[in-house]
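Since the structure comes first, as structure tokens, the remarks are kept for the end.
The values are calculated or read from the model by the stated rules, or taken from the named source; none is laboratory data. Here the structure is a predicted model, which means the values were calculated and not measured. Glycine also receives a Cβ, built like all others from the backbone with ideal geometry; neighbour counts cover every protein chain displayed. Just so you know, the surface numbers come from the protein's heavy atoms only, side chains and all, with ligands and any DNA or RNA stripped out. Shrake-Rupley method; radii C 1.70, N 1.55, O 1.52, S 1.80 Å.
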Amino acid sequence: MGGCHNVCWFFPLLLHVPHHRFNRLAKAEFNGKPDSLFFNDGVRRIDFILVYEDEDKKEFEKRHTFQRHKRRREYFEASLMKMGMELEATKSVVDEKLLFVKVHMPWDVLCTYAEVLHIKVPLQPNDLTSHYSPWRIFSCITKHFQPNEELIGKESDFFTAPFEKERQGYFHIKDKDLFFTPSMRSKMAFYILTRAPYEIRGNVKKFGITKLLNSGVYKAAYPLHDCRFNVKSKEPDCPNERYLLYNEWAHPKSFYKMQPLDLIRKYYGEKIGIYFAWLGFYTTMLALAAVVGLACFIYGYKTQETSTWSKEVCDPEIGGQIVMCPQCDHFCQYWRLNSTCEASKKLCIFDNYGTLVFAVFMSVWVTLFLEFWKRYQAELEYEWDTVEFLEQEELPRPEYEAKCIYERKNPITGVKEKIPYTTCGRCVRVSIGIGTVLFWIMLILASVVAITVYRLAVFFAFSTSLRTQGLKELEPIKEYVTPQMATSVTASLINFIAIMILNTVYERVAIWITDFELPRTKTDYENSLTLKMFLFQFVNYYSSCFYIAFAKGKAVGYPGKPVYLVGAYRNEECDPGGCMIELTTQLSIIMSGKAIWNNIQEVLLPWVKNLISRHCTRVTSENTIPRWEQDYRLQPVSKLGLFYEYLEMVIQFGFVTLFVASFPLAPVLALVNNLFEIRVDAWKMVTQFRRIVPEKAQDIGAWQPILQGVAILAVATNAMITAFTSDMIPRLVYYWSFSVYPYGSNTDHTMKGYINSSLSVFSTSDFSNASSPIDSFNISTCRYRDFRYPPGHPRQYEHNVYYWHVIAAKLAFIIVVEHIVYFTKFILSYMIPDVPYAVKEQIKREKYLTQVILHETNLKLVTKRLKPSDDDTADHTEMTESNEETDLDF
């Protein structure tokens, strides 16, 4: 059903509701059982809780607002009872102003909405043998990392099919009270709550619990946890799934254990389950990348003292004798090359041949990660009954339905349906959204320019202070802190602060834009918001890294004719060894700062809020208050659910893949962060937040193509970082120069003399009045980083032939590496099927059984009715009576 057509079909159902359901809301006192999940009669299970504040306890001047709230609430609760739901109100035992409305769905209502929502339920036990897994040979090792099987047993495997009320007899129903799981029941209850009307004015019908929560009619609406997280329930039939999840998943002592994904899915729904499955799989794959990255780092650390070009920089007879040109106008002084000795050693750790190999490895790794995830996801889709979760089965959002005022003919069904806007109106909404996103992206780029100007201005200050001989207090650190390093660190910190501020503001803007666009389904809403947020975050987090990697130091001119930014600021230069160390500093600060900030937000803030809430209620023991009131004191779940969790991990994935050529420790930091992230997310979800309304999800949604796009872009960025940011290609050209080019005296193919050959000569007499330093110190020539002809040459200060050879080598490197890696990625993608063969067999088997049991059986019944014989008259009568008994009339 499309558009607002879905709301109208509820009300014909009301005509068939038994009259005893129209009774008034029942009120009851707390029965003294804090772990109870039932009404006071102990029979009817609580499927949802609504919380509101008693208006009679409020001030007189606010009575008018509260009276309107009361009318809406009474109309809403009457609508729920007309739809077949049963309600019971209970006063709070802590705050006399609060009232809790318990919601129960009887069996016939459950059957009706299970069919509406296409909920898949057990059909018959799975008779196919489980396929052989090659990992079983390691079971003797992996069993120590599995959750306790005595506590969390393996669930029975069934073939499933969408529930049909008229064919109840064909489903595997042993106990009606347990047939639909609590997560299924709360999902159906929430579906009704979001569509029940609360006010009708003329032709305008207002409905949905979401608007009632936003307007303050209700303070909260949530499903119940089944028990306390650290104490087992005393109720005899309670499964204690929250307690099991805490002990086997969320507790710090279980950090080494695999996640109980089936129990997570059963308790929280498929959407939560698929997130933790993806996060766990991503973390497992990161372990391999972290080992290789750590090996590359150790290799660089061990070889930093043996690097020939680094030794030349630090050698007093070589680097100590090379006078470098000032890097700013007037106030900067000449400086010795060996003053960057420590920076050159650090650069050797990250700028070596090992990082080149690691960058190629990561390009292959990301392909394997995405392909194997597709296979694992296909297995989860089958096991969790989401294979046939199609978009046309997803019903419109209540916010979309409430705005439907125009009619159109459905292009698929041909039936007239209502929509909230015309084609022109939709174009206007989308255009406004695109314009707003582009404006904010330009705002981010403006902040990058501002930080660049800060770099230029502050670099002048550090250059004059750190190299002034009179500042004796800086002597102990002058060897380690260069103007470039000091500027890079402070600019990175400021950039991180700017990123966090812009994130906070833009999140609200992106939500407002998406709400204004009014997507039809929740999947459409999340995909639209995901694209907007990721585009913004991509520019916000990565723009400074792209600037350092591909813009800084690339267009600086030469000392006699420097390039100026906006006509006033001289463009900043890189260290003599390149901008690689600055890029590494930027990445490490942003990744570490982001991880620390996120953990503070995710752990500390909810814990402090709950601590304050418990202190204000002055209840020291949870043994004295009921389950629904204990859950009310927990933190409410964000409307966007897992959106921020995915966004955090995808941004991290970008740092791990896009710039890994400059920072091989990025996978190590990501692995450590994710090991904490899994348990932190689990801990806060189990202990600090109310239970989430379960949602169905087939995959990770719009994040999958985003990950694939980042993986494709990563090949290009790492190749370009190696070619243009790193100094590796010029060193390789110099290393092999003697057999091809007559550069220097490199007869034995070593790096000896490379530093001298990579620095061009400039005559101080050629300084312009605008750029000449104040103090000349009788220096006739200085050196600068570039490949240009020396003074006195017919083409002085123009790029020499070596420069063009290096450029050609860089371009050739990019083309060759990209083609090889992309070809390898294509071959791997082709060779690894997205769906395992065993899963395909099981899917076909399930479809066959569904067809036989639910369709061919009915065909036989029709055939018997059309051609009854004397022999089967009795069987026919018996079958008819059996169907009549199981077919409940709603």
Task: Surrounding net charge for ALA277, when Lys and Arg each add one and Asp and Glu each subtract one, Cβ distance under 12 Å - done: -4
Task: Whole-number accessible area per residue in Å² for the range 754-838, which is evaluated in the context of all protein chains at 1.4 Å - done: 58 Å²
TODO: Can you send over the solvent-accessible area of GLU645, 1.4 Å probe, protein chains only, in Å² to the nearest 10?
DONE: 20 Å²
Open item on the list: Under the rule of at least 5 residues apart or a separate chain, name every residue whose amide H is placed under 5 Å from the amide H of LEU123.
Closed with: PHE159, THR160, ALA161, HIS172
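What's the ranking of 656-669, 814-827, 630-643 by average number of surrounding C-beta atoms within 10 Å, highest first?
Top of the packing list down: 656-669, 630-643, 814-827.
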Open item on the list: Could you sort TYR421, TYR837 by their accessible area in this structure, using a 1.4 Å probe and putting the largest first?
Closed with: TYR837, TYR421
Task: 3J(HN,Hα) from dihedral phi, the range 551-558, Karplus parametrisation 6.51/-1.76/1.60, rounded to Hz, x for glycine, proline - done: 10, 5, x, 8, 9, 10, x, 9
Open item on the list: Given the whole protein assembly as supplied and a 1.4 Å probe, what does the accessible area of ASP262 come to in Å², nearest 10?
Closed with: 70 Å²
Open item on the list: Given the options GLY280, CYS238, ASN214, identify the residue whose Cα lies farthest towards the positive end of the charge dipole of the range 163-283 (+1 on Cβ of Lys, Arg; -1 on Cβ of Asp, Glu).
Closed with: ASN214
Task: Peptides 434-442, 728-736 ordered by average Cβ neighbours within 10 Å, highest first - done: 728-736, 434-442
Open item on the list: So for each of 783-790, 380-387, 716-723 I average, over its residues, the number of other beta carbons within 10 Å; can you give me the resulting order with the highest mean first?
Closed with: 716-723, 380-387, 783-790
Task: Part-to-part distance (alpha-carbon centres) for the range 206-271 and the range 295-365, which is given in Å - done: 53 Å
- [ ] For MET324, list long-range residues whose amide hydrogen, built 1.01 Å from N in the peptide plane, is under 5 Å from its own amide hydrogen.
- [x] TRP335, ARG336, LEU337, ARG783
- [ ] Tell me which residues come under 5 Å, amide H to amide H, from LEU98 once H is placed; ignore anything under 5 positions away on its chain.
- [x] ASP54, SER92
Task: Phi-based couplings in Hz for the range 800-817 (Karplus 6.51, -1.76, 1.60; Gly and Pro marked x) - done: 8, 5, 4, 4, 6, 5, 5, 4, 4, 5, 5, 5, 5, 4, 4, 5, 5, 5
TODO: Output ³J(HN,Hα) for the range 594-602: one whole-Hz value per residue in order, computed from phi by the Karplus curve 6.51 cos²θ - 1.76 cosθ + 1.60 with θ = phi - 60°, and x for Gly and Pro.
DONE: 5, 5, 5, 5, 5, 5, 5, 5, 7
